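This report refers to the structure that appears directly beneath it.
The values are calculated or read from the model by the stated rules, or taken from the named source; none is laboratory data. Because the structure is a prediction, the values reported are computed rather than measured. Neighbour counts run over all protein chains shown; Cβ positions are idealised from the backbone, glycine included.
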Amino acid sequence: MLYDLLPSALRFLITSLLWKEQYPRPPDSSLTFELRHEHAVTDGSLLVFSDIPKFRQLASEDDRLQYSVKTKATQSHVFTQFLDSWDEVEVLGPNVTDRETLHTLAMMTNNAYYQDPKKKGWYDLSPDWNTTHPFGWEPDADGFRGHIFVSTDNSTVIVTVKGTSAFWLIGDGGPTVRKDKLNDNLLFSCCCAKVGPAWTPVCDCHSGGYTCDQGCLEKSLIEDSLFYPVGVNLYYNVTYLYPNAKIWMIGHSLGGALASLVGVTFGAPIVAFEAPGEKLAAARLHINLPPSTQHITHVYNTGDPIPMGVCTGVSSTCALGGYALESKCHLGNVVLYDTVTKLKWSVGIGNHGIRTVVDLLSKDFDPENNVSVPIPEPQKDCIDCFDWEFGDYR
């Protein structure tokens, strides 16, 4: 095309001018959010939204929800079809070095597991948050769920994504357990959750020993019941509802990994809590990764075997529950709480729950050394499924 024939310096100048106008550098500040919508998938395919009543607009100032989150300019990338290139931009994202911000986001993420505010486990944030209308949460519903929060100035939307609803993870099961487990085993296992001879794999790609057919794996992730395309559809729907707003996505465990996969697709700021490694799934889904994924932040602790990638083997707690969570490599940066060394925690599945994270973030991590939040850093020298061979075995 004509653009490709221009000198590189001129191309850079044109690109910079185009994106500087559309994405000016945002100032660091804080935003106040309120609950506007719930979202869910019912019957495995239908994406449903439910608006929260606007009675709060008639409430007194004392009753209004004031839910503040500190923000910070965050580097991201936007893919331009016309220019066939990634362009670095700066968007307003959450300040992931601020403990109170992470604590607030963790509480919002926790509530994605509960539709009924009266149910044990819901964080009572204010009277306004305790009125919701059920949708997609009936006993026979089965799918992708969460909440949608919008800043009071309509500039920013936070989408929360529910994680795995297994009783041994959060103390409560639910109708989404079956599909949660299917997505976990498809996305985060090395090869169709083929852990041992007694396991029934979730796809037919195992080729004997430690060999797996790569094409079969990629086809299975696309064709089988998978939450990733539902998340992409959700993102498009939110951008339709709020065309001028910046969108953040947050989630816990499976929900955090899904938020990351959708966020890296669109360049949205992401905060994921205790999520299994999603880098392997991103490659198998052929997601077009940007040059940098610094807009994605993973928060987890060393006492949780799932994000650390050590909840593996036929005798592990994960395997005993029917889960093959074998990946450990994450996109973006990691805020790693070394709870094993600093707090003397033992490694166990009990450290995976979102309420454990909320409690962990309720105070500074290492006040003696003036450390409120560990420094976000990318993982180094991380390799998934190093003992497996992937190729064309069919």
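Key figures for this structure:
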quantity: Unique residue being surrounded by fewer than 22 Cβ atoms within 10 Å (Cβ to Cβ), within 21 Å of Ala257 (Cα to Cα) and at pLDDT 90 or above when the list is Leu217, Leu187, Leu221; calculated: Leu217
quantity: Residue that is under 20 Å from Gly163 (Cα atoms) and not hydroxyl-bearing (Ser, Thr, Tyr), where the choices are Gly208, Gly231; calculated: Gly231
quantity: Restricting region 277-315 to residues that are more than 16 Å from the chain's Cα centre (by Cα) and among the β-branched types (Val, Ile, Thr), the residue that is farthest from Thr74 (Cα to Cα); calculated: Val314
quantity: Within region 279-394, strands (runs of 3 or more DSSP E) holding 3 or more residues that are free of Cβ contacts under 8 Å to residues at least 60 places away in the same chain; calculated: 296-301, 333-337
quantity: Members of region 209-224 that are outside any helix (DSSP H, G or I) and touching a residue at least 60 places away in the same chain (Cβ under 8 Å); calculated: Tyr210, Thr211, Cys212, Asp213
quantity: Number of positions in region 327-357 that are modelled with pLDDT of 95 or more, charged (D, E, K, R) and within 25 Å of Asp180 (Cβ to Cβ); calculated: 1
quantity: Test for Val230: is it in contact with a Ser or Thr (Cβ under 9 Å, 6 or more places away or on another chain), within 30 Å of Val358 (Cα to Cα), part of a helix (DSSP H, G or I) and not small (Gly, Ala, Ser); calculated: yes
quantity: Those residues of region 291-322 which are closer than 20 Å to Phe386 by Cβ and touching a helix residue (DSSP H, G or I) at 6+ places or on another chain (Cβ under 8 Å), in sequence order; calculated: Pro305, Ile306, Cys311, Thr312, Gly313, Ser316, Cys318
quantity: Residue check, Thr176 modelled with pLDDT under 90 and surrounded by fewer than 22 Cβ atoms within 10 Å (Cβ to Cβ); calculated: no
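Quick grid of which residues meet (1) outside any loop (DSSP other than H, G, I, E, B); (2) out of contact with any strand residue (DSSP E or B) (no Cβ under 7 Å at 6 or more places or on another chain); (3) at pLDDT below 60:
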site: Lys70; (1), (2), (3): yes, no, no
site: Val78; (1), (2), (3): yes, no, no
site: Gln115; (1), (2), (3): no, yes, no
site: Lys119; (1), (2), (3): no, yes, yes
site: Leu125; (1), (2), (3): no, no, yes
site: His133; (1), (2), (3): no, no, yes
site: Trp137; (1), (2), (3): no, no, yes
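Yes/no matrix, rows are residues, columns are (1) under 30 Å from Trp199 (Cα atoms); (2) surrounded by 16 or more Cβ atoms within 10 Å (Cβ to Cβ):
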| residue | (1), (2) |
| --- | --- |
| Val314 | yes, no |
| Leu325 | yes, yes |
| Ser346 | yes, no |
| Asp359 | no, no |
| Asn369 | no, no |
| Ser372 | no, no |
| Pro376 | no, yes |
